[in-house]
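The values are calculated or read from the model by the stated rules, or taken from the named source; none is laboratory data. Small disclaimer: the values here were computed from a predicted structure and weren't measured. A quick note on method: Cβ atoms are made from the backbone with ideal geometry, for glycine too, and the neighbour counts reach across all protein chains shown.
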There are 2 protein chains.
Amino acid sequence: MITVLCGGVGGSRFLCALAAVVDPARITAIINTGDDDWFHGVYVSPDPDIVTYALAGEVDQERGWGLRGDSFRWLASLARFGEETWFQIGDRDLATHLHRTRLLRERWPLSRVTADIARAFGVKVRLLPMSDDRVRTVVETHDGELTFQRYLVQRHARDAVRAVRFEGAGQARPAPGVVEAVRDAEAIFFAPSNPIGSIAPILAVPGIRDAIAAARVRRVAVSPIVGGRSLQPPAAEMMAGLGYEVDAAGVATFYAGLADTLIIDETDGARAAAVAERGPRPVVAQTVMRDDAARRSLAAAALHAAGVAP
Amino acid sequence: MITVLCGGVGGSRFLCALAAVVDPARITAIINTGDDDWFHGVYVSPDPDIVTYALAGEVDQERGWGLRGDSFRWLASLARFGEETWFQIGDRDLATHLHRTRLLRERWPLSRVTADIARAFGVKVRLLPMSDDRVRTVVETHDGELTFQRYLVQRHARDAVRAVRFEGAGQARPAPGVVEAVRDAEAIFFAPSNPIGSIAPILAVPGIRDAIAAARVRRVAVSPIVGGRSLQPPAAEMMAGLGYEVDAAGVATFYAGLADTLIIDETDGARAAAVAERGPRPVVAQTVMRDDAARRSLAAAALHAAGVAP
């Protein structure tokens with residue numbers, strides 16, 4: 001089993017890359033749910049959905065989220081009632097949220113719901129939310145606290161970040177299968193996801209960080225920062241707010257003690273020594289997943305760094 | 001104030017007819033909510049919505065319900081999860097239900113929600129649900145009990161009806177304003193709605209029937225049965241099941257003691273004597289609202305029968 005900790009857009013692309021070179025059934029994804037939130041009475045689970053849609057080949061590639069070719073007619077109609085519509089949910093996407101919400105109200109745990117939705121989309125990778133318990137990523141700014149979605153989607157990550165906390169994480173338990181997926185993995189990957197916004201909430205669930213630290217296999221992270229910028233907002237903004245260098249070395253600081261290896265982009269080759277100084281062994285590769293060839297090349301580099309045969 | 005008891009399709013058309021000849025602000029509609037039901041975690045209130053959409057000029061005229069030009073993309077997507085999709089809810093229509101459901105979960109009474117939705121659609125007629133309390137129309141068939149929507153929409157009214165009951169009606173109270181709208185009316189109309197499926201549930205809410213019986217003004221019903229058939233299913237099927245004659249005289253039997261006058265269609269002129277025998281004074285008019293002229297002509301006939309100036 002290959003186990004991947006991940007968030008949404010970057011994570012989903014890395015999973016698609018891996019799934020293109022190894023049997024998807026060998027892969028387990030442990031997905032951030034700190035961004036989950038209620039909108040208009042439906043429970044939205046952005047990262048698991050992005051991963052599901054991407055692995056199903058149905059994600060809107062340009063936006064990185066939502067279903068390709070979706071329309072937003074219900075949302076336009078909702079505006080008539082004076083409701084907030086900054087969180088974009090498509091008509092077909094809404095069906096997923098309504099189905100999920102119904103099952104949650106019927107007391108299904110989130111992990112079972114996530115598996116049900118993945119099955120409906122024909123996804124072969126095993127998708128696990130980090131926890132069945134509610135964890136909320138809260139961004140503390142100079143103007144007060146924001147939920148992750150308000151910070152990112154409504155306010156476009158423009159507020160300087162002072163701190164980030166994961167409400168409920170202390171009392172949360174890893175979802176069934178999460179600790180086992182770490183313990184029994186032949187390799188553990190940290191996808192090129194937002195370290196603070198996507199990976200940190202997973203690590204904040206008691207038991208997960210310890211399981212990773214105790215793992216005897218290679219732990220390989222992929223840097224989401226390329227050339228001093230994040231490929232997806234708001235990784236750079238959040239790292240800067242918390243005092244990390246916004247470059248491969250800053251990512252290495254975050255993963256020190258967690259990942260043995262950090263794959264950094266070839267444009268950041270000059271930072272390899274700085275990465276090594278922070279702890280992880282640097283591996284330089286082409287990390288930007290522009291096309292199928294680039295995806296396969298990154299997946300191959302990641303598997304090689306982890307010492308895993310495809 | 002002109003007060004109209006009504007259901008969905010037939011009721012909405014009659015209200016539009018009245019609103020075309022008198023100031024809409026003079027009209028209060030008391031609307032059946034026995035068809036209300038939960039679908040996919042959202043609370044659907046079919047008759048108030050049909051009335052709202054129709055008075056806003058946005059109803060799908062051909063179907064008689066839903067919004068004109070609506071799409072059904074979310075519903076097609078929901079089918080992927082194996083959920084039942086026989087109850088058709090459009091993408092834009094769904095926004096209304098989600099908005100309603102959110103407000104109900106915030107403990108708004110249904111009457112306030114109904115008024116809020118009507119306001120958002122620019123409706124000037126005052127719309128009152130019959131009750132803020134939950135009343136469920138249950139159709140008893142030879143194969144068991146069906147909710148009204150299952151009976152009508154899923155099974156196309158094909159089951160022979162043995163009885164109809166209005167679950168919860170005994171404990172329900174009229175919504176705020178309902179008894180006053182009957183008491184202070186200058187005329188009371190029963191729209192050409194399904195007597196058993198739409199009018200009877202309203203009358204089953206304690207206090208409403210008594211208020212109508214005590215009213216000192218003209219009470220005028222319009223027959224929904226024309227030429228021995230109902231203009232909208234399932235009025236005829238339900239009347240037949242309960243042992244009513246399926247014609248103007250059967251409708252007169254239903255309204256005996258409630259309506260002083262029954263407007264019957266000109267094609268049913270031969271049944272006028274039979275109507276009079278059952279109690280209500282028959283008035284023959286063109287009742288089929290084919291076009292604007294027909295609508296205005298029926299509204300004028302109804303106002304005349306009620307002795308009310310436009």
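Just one of (1) part of a helix (DSSP H, G or I); (2) more than 9 Å from chain A (Cβ to nearest Cβ) trips up B:Ala79, so point out which.
(2)
Regarding B:Glu106, is this residue surrounded by fewer than 20 Cβ atoms within 10 Å (Cβ to Cβ) and either hydrophobic (A, V, I, L, M, F, W, C) or farther than 25 Å from B:Gln232 by Cβ (or both)?
Against the criterion (surrounded by fewer than 20 Cβ atoms within 10 Å (Cβ to Cβ) and either hydrophobic (A, V, I, L, M, F, W, C) or farther than 25 Å from B:Gln232 by Cβ (or both)), B:Glu106 qualifies.
Identify, please: which residue in the stretch B:82-107 is closer than 20 Å to B:Arg150 by Cα and among the hydrophobic types (A, V, I, L, M, F, W, C) and is, among those, farthest from the other protein chains (Cβ to nearest Cβ)?
B:Trp86
Output the residues belonging to the stretch A:290-310 that are in a loop (DSSP other than H, G, I, E, B) and farther than 20 Å from A:Gln232 by Cβ.
A:Gly307, A:Val308, A:Ala309, A:Pro310
Matching residues to (1) within 25 Å of A:Ala115 (Cα to Cα); (2) of a type outside the set (Val, Ile, Thr); (3) modelled with pLDDT under 95; (4) outside any strand (DSSP E or B):
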{"site": "B:Ala29", "(1), (2), (3), (4)": "no, yes, no, no"}
{"site": "B:Tyr43", "(1), (2), (3), (4)": "no, yes, no, no"}
{"site": "B:Thr52", "(1), (2), (3), (4)": "no, no, no, yes"}
{"site": "B:Gln61", "(1), (2), (3), (4)": "no, yes, yes, yes"}
{"site": "B:Trp74", "(1), (2), (3), (4)": "yes, yes, no, yes"}
{"site": "B:Glu83", "(1), (2), (3), (4)": "yes, yes, yes, yes"}
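Which of the residues spanning the stretch B:55-65 are of a type outside the set (Phe, Trp, Tyr), more than 12 Å from chain A (Cβ to nearest Cβ) and touching a residue at least 12 places away in the same chain (Cβ under 8 Å)?
Once the filter is applied, which keeps residues that are of a type outside the set (Phe, Trp, Tyr), more than 12 Å from chain A (Cβ to nearest Cβ) and touching a residue at least 12 places away in the same chain (Cβ under 8 Å), the stretch B:55-65 yields B:Leu55, B:Val59, B:Gly64.
This table checks each residue for (1) in contact with a Leu (Cβ under 7 Å, 6 or more places away or on another chain); (2) in a loop (DSSP other than H, G, I, E, B); (3) among the aromatic types (Phe, Trp, Tyr).
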| position | (1), (2), (3) |
| --- | --- |
| B:Trp86 | no, yes, yes |
| B:Thr96 | no, no, no |
| B:Arg100 | no, no, no |
| B:Ser111 | yes, no, no |
| B:Thr114 | yes, no, no |
| B:Ala118 | yes, no, no |
| B:Val123 | yes, yes, no |
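Can you tell me which condition A:Asp159 does not meet? The list is (1) surrounded by 19 or more Cβ atoms within 10 Å (Cβ to Cβ); (2) closer than 25 Å to A:Val4 by Cβ, and all the others hold.
Evaluating A:Asp159 over (1) surrounded by 19 or more Cβ atoms within 10 Å (Cβ to Cβ); (2) closer than 25 Å to A:Val4 by Cβ leaves (2) as the failure.
Find the residue count for the stretch A:229-243, including only residues that are outside any strand (DSSP E or B) and either acidic (Asp, Glu) or without any contact (Cβ under 8 Å) to a residue 40 or more places away in the chain (or both).
Number of matching residues: 3.
Every residue in the stretch A:245-289 that is more than 26 Å from A:Ala54 (Cβ to Cβ), in contact (Cβ under 8 Å) with a residue 24 or more places away in the chain and either within 21 Å of the chain's Cα centre (by Cα) or outside any helix (DSSP H, G or I) (or both), please.
Residues satisfying the conditions are A:Asp247, A:Ala249, A:Gly250, A:Ala252, A:Thr253, A:Ala256, A:Gly257, A:Asp260, A:Gly279, A:Pro280, A:Pro282.
Examine the stretch B:4-16 for a residue that is β-branched (Val, Ile, Thr), surrounded by fewer than 24 Cβ atoms within 10 Å (Cβ to Cβ) and within 19 Å of the chain's Cα centre (by Cα), and state whether such a residue exists.
No, the stretch B:4-16 contains no residue that is β-branched (Val, Ile, Thr), surrounded by fewer than 24 Cβ atoms within 10 Å (Cβ to Cβ) and within 19 Å of the chain's Cα centre (by Cα).
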